[in-house]
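Participant: First the structure, then my questions, so here it is.
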Amino acid sequence: MNKRQRAEYIRRRLEQLYPVTKIPLEHRDPYTLLVAVVLSARCTDKKVNEVTPQLFALADTPAAMARVPVEQLQAVIRPLGLAPQKAKAISELSKILADRHGGRLPEGFAELEALPGVGHKTASVVMSQAFGRPAFPVDTHIHRLAQRWGLTSGRNVVQTERDLKRIFPPDSWNALHLRIIFYGREHCTARGCDGTVCEICRTCFPRRRASVAIKRT
């Protein structure tokens with residue numbers, strides 16, 4: 001298979017395996033999704049979902065969150081790690097949303113990325129999953145699989161995002177990034193598949209015998 005053939009096979013196979021692509025982070029609206037994604041940095045979705053019910057019971061709108069002392073936010077989210085930084089970011093972005101945006105999330109990359117604690121990947125998740133805008137959030141997880149599947153030679157997530165956007169149609173991006181994550185967690189894990197084990201790796205590279213060296217970001 002060449003790269004485009006691999007991409008088409010992967011897109012179709014993942015669609016068969018994961019026809020439903022509900023984002024794993026529990027949320028109620030675009031704002032609570034943004035908060036959940038900020039909390040998910042260096043943390044599992046499962047752990048975030050254990051903490052957000054308590055957090056959103058405390059405050060689930062920008063105005064309400066802005067009134068909660070940072071120390072109190074930090075105490076609630078402490079189990080997730082990086083609590084001081086995350087609490088400060090959530091407090092500050094909530095104040096900005098309440099004061100400058102009428103309590104609503106802006107629907108543009110530049111405005112979202114200007115918020116404290118919100119990088120391009122986080123903004124991409126919100127744009128794709130909250131607003132339905134074509135975006136392809138790429139983290140180290142997707143970066144690793146894209147390299148393993150021969151879809152990119154990028155040395156970082158920025159280049160990998162560009163490569164994936166070139167090879168897959170825009171109307172597939174929002175669901176596909178989640179499907180890649182789901183498959184990676186179940187079948188093509190960092191330790192469980194070295195590029196020679198899972199169905200996609202074996203189908204795309206049937207002659208591969210040695211493990212794949214992944215370029216780290």
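Participant: So which residues in segment 121-149 are closer than 14 Å to Phe109 by Cβ, in contact with a helix residue (DSSP H, G or I) (Cβ under 6 Å, 6 or more places away or on another chain) and in a helix (DSSP H, G or I), if there are any at all?
Facilitator: Selection gives Thr122, Ala123, Val125, Val126, Ser128.
Participant: While we're looking at this one, here's another question. Val118 fails exactly one of the following numbered conditions: (1) at pLDDT below 95; (2) part of a loop (DSSP other than H, G, I, E, B). What is the number of that condition?
Facilitator: (1)
Participant: Anything in segment 123-171 that is open to solvent by less than 20 Å² (accessible area, probe 1.4 Å), within 14 Å of the chain's Cα centre (by Cα) and in contact (Cβ under 8 Å) with a residue 60 or more places away in the chain? List them, or say none.
Facilitator: Val125, Val126, His143
Participant: Please list, ordered by first then second residue, the pairs with beta carbon atoms under 7 Å, 6 or more apart or interchain, first in segment 28-47 and over 16 Å from Pro84 (Cβ atoms), second small (Gly, Ala, Ser).
Facilitator: That search, which allows pairs on different chains as well, returns Pro30/Ala130; Leu33/Ala130.
Participant: (1) surrounded by fewer than 20 Cβ atoms within 10 Å (Cβ to Cβ); (2) within 15 Å of the chain's Cα centre (by Cα); (3) not in a helix (DSSP H, G or I): which one isn't true of Arg185, the others all being true?
Facilitator: Failing condition for Arg185: (3).
Participant: Out of Leu39, Leu112, report the one residue that is at pLDDT 95 or above, within 18 Å of the chain's Cα centre (by Cα) and within 23 Å of Thr160 (Cβ to Cβ).
Facilitator: Leu112
Participant: Something else now. Only one residue in Arg179, Arg202, Arg155 is part of a loop (DSSP other than H, G, I, E, B) and not hydrophobic (A, V, I, L, M, F, W, C), so which one is that? Show your work before the answer.
Facilitator: Values: Arg179 fails: part of a loop (DSSP other than H, G, I, E, B); Arg202 fails: part of a loop (DSSP other than H, G, I, E, B).
Matching residue, one of Arg179, Arg202, Arg155: Arg155.
The values are calculated or read from the model by the stated rules, or taken from the named source; none is laboratory data. Predicted, not measured: the structure shown is a model, and the values here were computed from it. Note that we place each Cβ from the backbone using ideal geometry, even for glycine, and neighbour counts take in every protein chain shown. Just the protein is used for accessible areas: all its heavy atoms, side chains included, with ligands, DNA and RNA removed. Shrake-Rupley method; radii C 1.70, N 1.55, O 1.52, S 1.80 Å.
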